Amino acid sequence: MGGWPGEDMAPGRWRIASWDARLPFFAVGFSPPPGTAVPRNCAGQESYRFPQPEPHTVLYHELGSDSVEVGGRGKLYHFDFIQGKNASMNMVYIGPNKAFCQNQLDCENYITLLEKQAEGLLICGTNARHPSCWNLVNKTITLLGERRGYAPFTPDENSLVLFSDDHVYSTIRKQEYNGKIPRFRRIGGERELYTSDMVMQNPQFIKATIINQDEAYDDKIYYFFRENNPDKNPEAPMNVSRVAQLCKGDRGGVSSLSASKWNTFLKAMLVCSDPTTNKNFNWLQDVFLVPDASGDWRATKVYGVFSNPWNYSAVCVYSIGDIDRIFRTSPLKGYSGALPNPRPGKCLPDQELTPTETFQVADSHPEVAQRVEPFGEKKTPLFHSKYHYKKVLVHQMQARNGSTFEVLYLATDKGTIHKVVESAYGAFNIMEIQPFHHHPATIQSMTLDNVTMKLYVNSQWEVSQVPLDLCSEYRGGCQGCLMARDPYCGWDDTHGQCVSIYKYKGPLLQALGPNEPHTECPSSNLGKEQDKAQSVTLARNARYYLTCPVESHHATYSWHLGDKKLHRCEPGWPSSDCILFIEKLTDEQFGLYRCQAQEGSYSRVAVAWELRREATAEHLLMGAAAAQPLPGLLLLLLAGAAGSLRRGAPGPAPPPLPGGALGPLPRLGPHFLPGSGRF
């Protein structure tokens, strides 16, 4: 048993350190002392760095709170994200039992499970290949002992643990060197049950949930997984995606062979394909369930993220009602005989045991013939994308006018998050968020709080809090605010701001319908936010870049000198800037340069620069120092350039554009226009 920590930072105690979250973070390459939390705030985000990298983590957040717990290697971190106060990080050591250590490589305790229970916070970890659990309550941590099935033997094992009331379900094997066939078990609450060895082929478990139905005995466990494809045709995919059902009240079977097994197991194939483009997405990555607002369990939506061998992605949406109907009515694949009564998969009332014949048919033919397709008339993906999505969260919210929207937060393999709005008119990718300040990194965990309207995201380097309503990031005045089509945001014409509907209760403009939203803006707002032309004085024969920030990947950006169009960046431009490079400035190239952004019928000047002529190269060099901090213009002045310019000789090739010049500022955007389908 260990106590809550003092400042001695002894092993087994919290290491307490705090940093004033209100202070700016200036130091370049600053490395905090061990255990020190360094919260950083940028574009509404707050972030803490771990004292050292954490290759395997688990994240827990209590709904409505301002804190998160993160389990790492022998440590439990507690981070407070309390705005306007001294934010802090606390840390407790939960190391392995050294007596279990066979070698240094295995002598670690990776925390893999955090679960809030009535008795406190349940913490489980690998404990040097002897999975064990602890309880944290009232600042005191207590060892509960070995708990097989609550934590894996190694942190990289695929596993799920599901809690429901006093029941516990797990896919974790109980023995390390035998029983290698993965199973779905009930390990707590009632007698243990496990799935038969032949009903799944090398499964990789994704998500499990419980759906309470009209009658308590009919409550179901659904879990989603991938497995090896039994179809060995060379043209068939190697893996298929599945959903399985179990009756929560399953009591086992009558015979000795079925007494300890789930008798109500059935599985169905999940289909996510677009027949119009002949694109198939077979690899399930993640699942998120959205309950129906009215409480109808059948209308619960299942959002699935799928990928294909080229790492393109699709999001398909299913309904629990369709899944339930298929399991209740579909024939069994490969079975031609008469189905026994009760039919396989049927939940039985009054704690009845499943008859032997029913179990035998279900055990030998566990897959139903009918496949689960996306709901809707077309039965196609909500959208598909060139990006590789790994995780999904969905927030069901109401706009100011009462319309309901589903907002998807999709984690990419590059460590960014795409914010996609689903409406009756389609799905629109409105923002890309870089959640981390340290550097882009794989997102290990993320969770959504629909009370505080925050995302919590972590990598091996840090944990971040990201507001859902990043309205101040939309540029371009009323037009830019409304064209983002962000249901969290509206235009406050009184104060001339794009504001959150949750933080501003006055009248707001929102345009979330099918028409071009910028037409809703008052005429007095037209051109309000257009950048004024900035000027710089240059010499003849100078070379330089003009940069125009690409804030919308659905817009066309074009550079103009007077009435002449010089350069064009089409929608979907891969860079964050539309760059105009001038090799050698001539007399005809001085003048007013405008970068025009065109989205549908809406056009605005994104940036404007007036290039003025200077007589000598010496003046050019002096002017460069003054012009360099100005946004939108990167002036390339190389060593010895003055002599080259006087001789009229071309200078050396320009160096590449510097990356990360804005430090930890996240890349927010692009926002997208509806109907273009650019993902």
Subject >> Estimated distance in nm for a label pair at N278 and D156, the labels positioned 7 Å out from Cα along Cα-to-Cβ >> reply: 3.8 nm
Original post:
Which percent of the Cα-Cα distances in segment 165-205 go past 12 Å?
Top reply: 60 percent
**OP:** Step through the table entries K180/K419; K180/K220; K174/K390, compare each Cα-Cα distance with 32 Å, and write down the pairs that go over it.
**Re:** K180/K419
**OP:** With a/c under 1.5 counting as rounded, go ahead and sort segment 103-230 into rounded, prolate or oblate using the C-alpha gyration tensor (a ≥ b ≥ c being the square roots of the eigenvalues; past the cut-off, prolate if a/b is larger than b/c, else oblate).
**Re:** oblate
Original post:
Using the 10 angstrom Cβ neighbour count as an exposure proxy, how do F581, F265 rank, fewest first?
Top reply: F581, F265
Original post:
What's the long-distance tail for segment 230-274, i.e. % of Cα pairs beyond 13 Å?
Top reply: 67 percent
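What is the calculated FRET efficiency for Q598 to R328, with r their C-beta to C-beta distance and R₀ = 45 Å, to the nearest 0.05?
It comes out at approximately 0.25.
Kindly rank 460-469, 151-160 from highest to lowest mean number of other beta carbons found within 10 Å of each residue.
For the peptides 460-469, 151-160, the packing ranking is 460-469, 151-160.
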**OP:** Just tell me which lysines come within less than 27 Å, Cα to Cα, of K139; anything on the same chain fewer than 8 places away is out.
**Re:** K75, K85, K98, K116, K454
Subject >> Fraction of the pair-distance distribution of segment 316-385 above 21 Å, Cα-Cα pairs, percent >> reply: 39 percent
Original post:
By its C-alpha gyration tensor, with a ≥ b ≥ c as the square roots of the eigenvalues, how is segment 171-232 shaped: rounded for a/c under 1.5, else prolate for a/b larger than b/c, else oblate?
Top reply: oblate
Subject >> Eligible lysines near K378 by straight Cα distance, threshold 21 Å, same-chain separation 8 or greater >> reply: K279, K301
Original post:
Of S445, S523, how do they rank once you tally other Cβ atoms within 10 Å and put the fewest first?
Top reply: S523, S445
**OP:** Would you mind classifying segment 377-509 by shape? Square roots of the alpha carbon gyration tensor eigenvalues, ordered a ≥ b ≥ c; an a/c under 1.5 is rounded, otherwise it is prolate if a/b is larger than b/c and oblate if not.
**Re:** oblate
Original post:
Listing C107, C471 from the residue with the fewest other Cβ atoms within 10 Å to the one with the most, what is the order?
Top reply: C107, C471
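Each reported figure results from applying straightforward, stated rules to the coordinates on display, with no laboratory input. Remember, it's a predicted structure, so these values are computed and weren't measured experimentally. Every residue, glycine among them, receives a Cβ derived from its backbone with ideal geometry; neighbour counts consider all protein chains shown.
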